[in-house]
1. It is to be established whether one or more residues within the range 217-230 are under 22 Å from Val60 (Cα atoms) and out of contact with any strand residue (DSSP E or B) (no Cβ under 9 Å at 6 or more places or on another chain).
2. Of all residues in the range 110-130, count the ones that are in a strand (DSSP E or B) and either out of contact with any Leu (no Cβ under 8 Å at 6 or more places or on another chain) or surrounded by fewer than 17 Cβ atoms within 10 Å (Cβ to Cβ) (or both).
3. Do we find that Arg122 is at pLDDT below 95 and in the same structural domain as Arg183 (by TED's automatic domain parsing) in this structure?
4. Can you name every residue in the range 79-104 that is among the hydroxyl-bearing types (Ser, Thr, Tyr) and out of contact with any strand residue (DSSP E or B) (no Cβ under 6 Å at 6 or more places or on another chain)?
5. Inside the range 41-59, can you point out the residues that are under 19 Å from Arg136 (Cα atoms) and surrounded by 14 or more Cβ atoms within 10 Å (Cβ to Cβ)?
6. Can you name every residue in the range 21-30 that is out of contact with any helix residue (DSSP H, G or I) (no Cβ under 7 Å at 6 or more places or on another chain) and at pLDDT 95 or above?
7. Yes or no: the range 8-20 includes at least one residue that is surrounded by fewer than 20 Cβ atoms within 10 Å (Cβ to Cβ), modelled with pLDDT under 95 and either within 29 Å of Asn191 (Cα to Cα) or not basic (Lys, Arg) (or both).
8. Just one of (1) surrounded by fewer than 18 Cβ atoms within 10 Å (Cβ to Cβ); (2) of a type outside the set (Ser, Thr, Tyr); (3) over 16 Å from the mean Cα position of the chain (by Cα) trips up Glu185, so point out which.
Amino acid sequence: MQLASTIGLEIHVELKTKTKMFCGCLNDSNEKHPNINVCPICMGHPGTLPVINKEAVKSVLKMGMALGGKIASRSQFDRKNYFYPDLPKGYQISQYKYPLVEGGELNGIRIRRIHLEEDTGRLLHQGEESLVDFNRAGVPLMEIVTEPDISSGESARDFAEELQLILRYLDISSGDMEKGAMRCEVNISLNMGIKVEIKNLNSFRAVEKSINYEIERQTGILEKGDKVGHETRGWDEDGGKTFSQRKKEEAHDYRYFPEPDLPALNLAMLDLGGFAIPELPSQKRERFKKEFNLKDEQIEILVRDKQLSDFFENAVSEFKEAGLPLGSPASKSVELIFNYLTSDLIGLMNSKYLGWDELRVSPHAFGELMAMISKKEIFSRAAKNVLKKMIETGREPNVIVKEEGLEQTSDESFIETAAQKIISLNHNAVSDYKKGKEEALQFLIGRVMRETKGKTNPAALKEILKKNIYPVRSSAERQDFKNG
């Protein structure tokens, strides 16, 4: 039986503000010691009064604008009442009737609302004991609620991944799901039937897999003629299945009412022109396609990491400043920069466990190195060695090339001396080449390149190796020799 899936997402995002939502405590997700960033306000002590964090409000409005939503002219905070050990006040300050943003769209999926609330504390379970860390209590939490436009686990994952990218481009959240900075909840029903909620999904894989599992589970129940229960379920990653947690609450269960300690927000007085929205991932994809004509998969590699794409663009600018045209849209120069960046530079960074903030190679220096390769001042083999030195020392490529004596050379006497040395040390490879094994010649070329630190002209080297392997024979004689 093929049943129609109706799926919506609720995504909670911890905002990157200096302080918490309603007090002056630090918003520091890296704090390892429990209950350090707390005060009477975020701990819910009697007589304390909250104050709205303006930067958190601005962050939500930026997200609303990025998604094409409608900014409310008036908004207010509400009390959402429920009891849980990690909720200090016994209620959560959230928004219900008057959110900051309504509407919008991403990947063809409509946004219902975007509102602002405070996060809860964190429960730590040790054996039979449960401890509470309130460092996270009161952290600004943006909630994005979609319309039920999603039809599969795969489309839900695509939506969530693109949303994470936008968060990072706007620089309003890390969106790190492993650290809880972005948490997803799924609402799912089949054939417009009873809705089930899957809570606290902390990876894109979990979002996709839990939806696909729940579709199968509910289909099985309905095919038997039974009814799906209205409940909240969790996700068992190891077992690859959802499990029942509790009966699903309705909105009236939370007894929402306007927060008496906070005034309503008059957003009509805001100058939204002052909210600068940077280039978004979808816009960057289009521009990169037009300017650089890279393949879609290459563009996606760059767009998925904003620091990587910024480095790439700055390196390309340096390349052009060196007086070298990029040529046609399908320029080999762009391919050269992309390949060295995503393969060689990233590979070296990974091997040395370096982040972008720790990298000693600037886009300027990297672009200069690419220009030297393009102008044939150094060869590819030497460039790889230079790049390694750049990462280790932070020095400019032209300085390293000069100090190491790595300038490209086509000097025949220099190349012949190195070639004769390698031939004398590799009799087996020479014999194999004489028997017609072309890969043996490539082996010898590689050995000479290593001997000369990559500064030898490959075309000249190939001919000199052949000449020294067949010192007296014509080309016809060499072919006859190979044929036996």
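1. No, the conditions are met nowhere in the range 217-230.
2. 10
3. The answer is yes for Arg122.
4. Tyr82, Tyr84
5. Ile41, Cys42, Met43, Gly44, Thr48, Pro50, Ile52, Asn53, Glu55, Ala56, Val57, Ser59
6. Phe22, Cys23, Gly24, Cys25, Leu26, Asn27, Asp28
7. There is no residue in the range 8-20 that is surrounded by fewer than 20 Cβ atoms within 10 Å (Cβ to Cβ), modelled with pLDDT under 95 and either within 29 Å of Asn191 (Cα to Cα) or not basic (Lys, Arg) (or both).
8. (1)
The values are calculated or read from the model by the stated rules, or taken from the named source; none is laboratory data. Keep in mind it's a predicted model, so treat the numbers as computed, not measured. Don't worry about glycine lacking a Cβ; one is built from the backbone with ideal geometry, like all the others, and counts go over all protein chains shown.
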